[in-house]
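The values are calculated or read from the model by the stated rules, or taken from the named source; none is laboratory data. Source: prediction; values computed, not measured. When we count neighbours, we look across all protein chains shown, and the Cβ atoms used for this are built from the backbone with ideal geometry, even at glycine. Only protein heavy atoms, including side chains, enter the accessible area calculation; ligands, DNA and RNA are left aside. Shrake-Rupley method; radii C 1.70, N 1.55, O 1.52, S 1.80 Å.
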Amino acid sequence: MTNTSPEGQESHTQVDLSVLIPVYNESGNVVPLYEELHAVLGGGSLRYELIFVDDGSRDGTAAKLAAIQASDPDHVRVAFLRRNCGQTAALSAALDMARGQILIPMDGDRQNDPTDIPRLLAKLDEGYDVVSGWRRKRHDTLLTRKIPSRIANRLVARISGVALHDFGCTMKAYRRRVLQGVRLYGEMHRFIPIFASWQGAKVAELEVNHRPRTEGKTKYGLGRTFNVVLDLLLIRFYQRYSQRPIHLFGRVGLWSILLSFLCFAGMLYLKYVFPWPWGSSGTGKPFVETPLPLLAVMFFLGGVQSILLGVLAEMVMRTYYESQSKTTYLIDEIRQTEPDGATSRRL
Ligand code: UDP
Ligand code: MG
């Protein structure tokens, strides 16, 4: 294999488009889905590959994928994961394998429609780096999926500042360069447009067809929305503080210590000074009659802990960047004249 990572630049097999499809227990869907994809992409001049990742299925999906791969070895590549690792991890595996210049992930349950692929490509050609699908007429259950998802999408759009309607739609199109260095955890595949946009990519939205599931069962319920919201808090933290965690933890710590001093002062006031200036001082409350001593101690300890946590986070952050030779900046291009006369170098 000549190129196994999205960061890789050269590749012997030239591929324009990689379609990435994680599947878990979709034995009734993979063959019809392959046929649909073949019908859409097969006749054209586009050089494409279909990458299926079998996410530890136990219903015979693997055998069907193996048969599909054998029947169309020029276009189909399949990875079999040893156990069920989750949709995001399976998609990561597909991304790492992909060789195309354009990457389109989609669901393997036929809810996404392969005929949308040419439309996504056309939209990319208008000069975008990411085109995100919007399932405007979504065919899922209302109470456990559509309503929570609508609330989550609003929240994500607001917090991230990226105005999309449907982050959860798997079907999106990316130019390879926006995925450079992107690592996916948790439910984060849905946030790729956000990472990309933060790094300066141009992001567009396109309505895509969404079909009801006809075979197999959905793997998710309401719980997924909570995971999405938690992941969102995490990426917000990452965006703002990943390179300076002490500023967050330290600030919380300092405020907490300040509160602790206020409580301490209040406690002294209540005992020794109160009811002055409303009366003569000295008849105030004993310490044990107010919660202030306890609060003072709690805020003080909490504040110190938080600052120490910040120091720890700084050390972890440095290890993260330095051990993997990651930089805190992202270079698009460096332009300089080399001794041999070359004037531009793209990184
Ligand atoms: N999927 C997967 N691993 C999992 C769960 C799901 O690869 O652990 C795949 C699944 O086969 C499908 C896609 O992810 O291709 C979306 O899953 P599903 O249709 O259950 O989600 P929904 O459309 O209900 O959000
Ligand atoms: Mg589905």
Inset, instruction - List the number of the failed condition for Gln180; all other conditions in (1) in contact (Cβ under 8 Å) with a residue 60 or more places away in the chain; (2) away from ligand 1 (no atom under 16 Å from the Cβ); (3) open to solvent by 70 Å² or more (accessible area, probe 1.4 Å); (4) in contact with a helix residue (DSSP H, G or I) (Cβ under 9 Å, 6 or more places away or on another chain) hold. - result: (4)
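In segment 92-101, which residues are open to solvent by 10 Å² or more (accessible area, probe 1.4 Å) and either within 16 Å of ligand 2 (Cβ to nearest atom) or closer than 27 Å to Asp140 by Cβ (or both)? Before the answer, list the steps.
Here is the first cut: in segment 92-101, the residues open to solvent by 10 Å² or more (accessible area, probe 1.4 Å) are 92-93, 95-97, 99, 101.
Matches in segment 92-101: Ser92, Ala93, Leu95.
Inspect all residues belonging to segment 209-216 and state whether any of them is within 16 Å of ligand 2 (Cβ to nearest atom), at pLDDT below 90, buried (at least 21 other Cβ atoms within 10 Å of the Cβ) and closer than 19 Å to Gln87 by Cα. It would help to see each step written out before you state the result.
Here is the first cut: in segment 209-216, the residues within 16 Å of ligand 2 (Cβ to nearest atom) are 209-216.
Those left that are additionally at pLDDT below 90: none.
Within segment 209-216, not a single residue is within 16 Å of ligand 2 (Cβ to nearest atom), at pLDDT below 90, buried (at least 21 other Cβ atoms within 10 Å of the Cβ) and closer than 19 Å to Gln87 by Cα.
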Legend entry - Odd one out for Arg236, checked against (1) farther than 27 Å from Met97 by Cα; (2) outside any loop (DSSP other than H, G, I, E, B); (3) within 16 Å of ligand 1 (Cβ to nearest atom): (3)
Inset, instruction - Scan segment 50-65 for residues that are buried (at least 24 other Cβ atoms within 10 Å of the Cβ) and assigned to a loop (DSSP other than H, G, I, E, B) and jot them down. - result: Asp55
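Condition test on Ile194, is it crowded, with 23+ Cβ neighbours inside 10 Å, of a type in the set (Val, Ile, Thr) and in a helix (DSSP H, G or I)?
Numbers: crowded, with 23+ Cβ neighbours inside 10 Å: yes; of a type in the set (Val, Ile, Thr): yes; in a helix (DSSP H, G or I): yes.
Against the criterion (crowded, with 23+ Cβ neighbours inside 10 Å, of a type in the set (Val, Ile, Thr) and in a helix (DSSP H, G or I)), Ile194 qualifies.
For (1) within 30 Å of Leu179 (Cα to Cα); (2) at pLDDT 80 or above; (3) in a helix (DSSP H, G or I), each residue gets a yes or a no:
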position	(1), (2), (3)
Ile257	no, yes, yes
Lys285	no, yes, no
Val297	no, yes, yes
Glu314	yes, yes, yes
Tyr321	yes, yes, yes
Thr327	yes, no, no
Leu330	yes, no, no
Inset, instruction - Determine which single condition Thr170 fails, assuming it passes every other condition in (1) part of a loop (DSSP other than H, G, I, E, B); (2) open to solvent by 20 Å² or more (accessible area, probe 1.4 Å); (3) in contact with a strand residue (DSSP E or B) (Cβ under 7 Å, 6 or more places away or on another chain). - result: (2)
Legend entry - Count - residues of segment 120-141 that are of a type outside the set (Val, Ile, Thr) and not in a loop (DSSP other than H, G, I, E, B): 9
Legend entry - Only listed residue being more than 16 Å from ligand 2 (Cβ to nearest atom), open to solvent by 50 Å² or more (accessible area, probe 1.4 Å) and either of a type outside the set (Lys, Arg) or part of a helix (DSSP H, G or I) (or both), chosen from Ile68, Ile147, Ile117: Ile147
